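A quick write-up on the structure given underneath.
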């Protein structure tokens, strides 16, 4: 079960983990809320999830670029 969780977090951008760390809420609870709201609203939170995932990847890219000295 841990391997599956690690695989999902690695390839699902880590949005739920990031939000859990920032807000102080358990990651599993955030995942459940995301799943429930996706069913209730017919999938519109997927757009929010993708925007956050894009922002996290962009932020990681910018940090790597500036720490390496490439301006």
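Computed from the coordinates by the stated procedures, all read-outs in this text should not be read as laboratory data. Keep in mind it's a predicted model, so treat the numbers as computed, not measured. All Cβ positions, even for glycine, are placed from backbone atoms using ideal geometry, and neighbour counts span all protein chains on display.
Brief remarks follow.
- Under the criterion of Cα pairs below 8 Å and six or more residues apart, the relative contact order for the chain equals 25 percent.
- Highest mobility in the GNM of the chain, judged by mean-square fluctuation with C-alpha springs under 10 Å and restricted to 24, 43, 14, is found for 24.
- Between 0 and 90°, nearest 10: helix 27-40 axis offset from the chain longest Cα axis: 60 degrees
- Adding -39500 (n - 2.57) for every DSSP H run of four residues or longer, then dividing by how many residues the chain holds, sets the calculated 222 nm ellipticity at -26000 deg cm²/dmol.
- Virtual paramagnetic centre 7 Å along Cα→Cβ of residue 64, amide N under 17 Å, in the stretch 1-40: 10-15
- Stretch gain in nm, segment residue 6-residue 44, where the contour uses 0.36 nm per residue and the Cα spacing is subtracted: 11.1 nm
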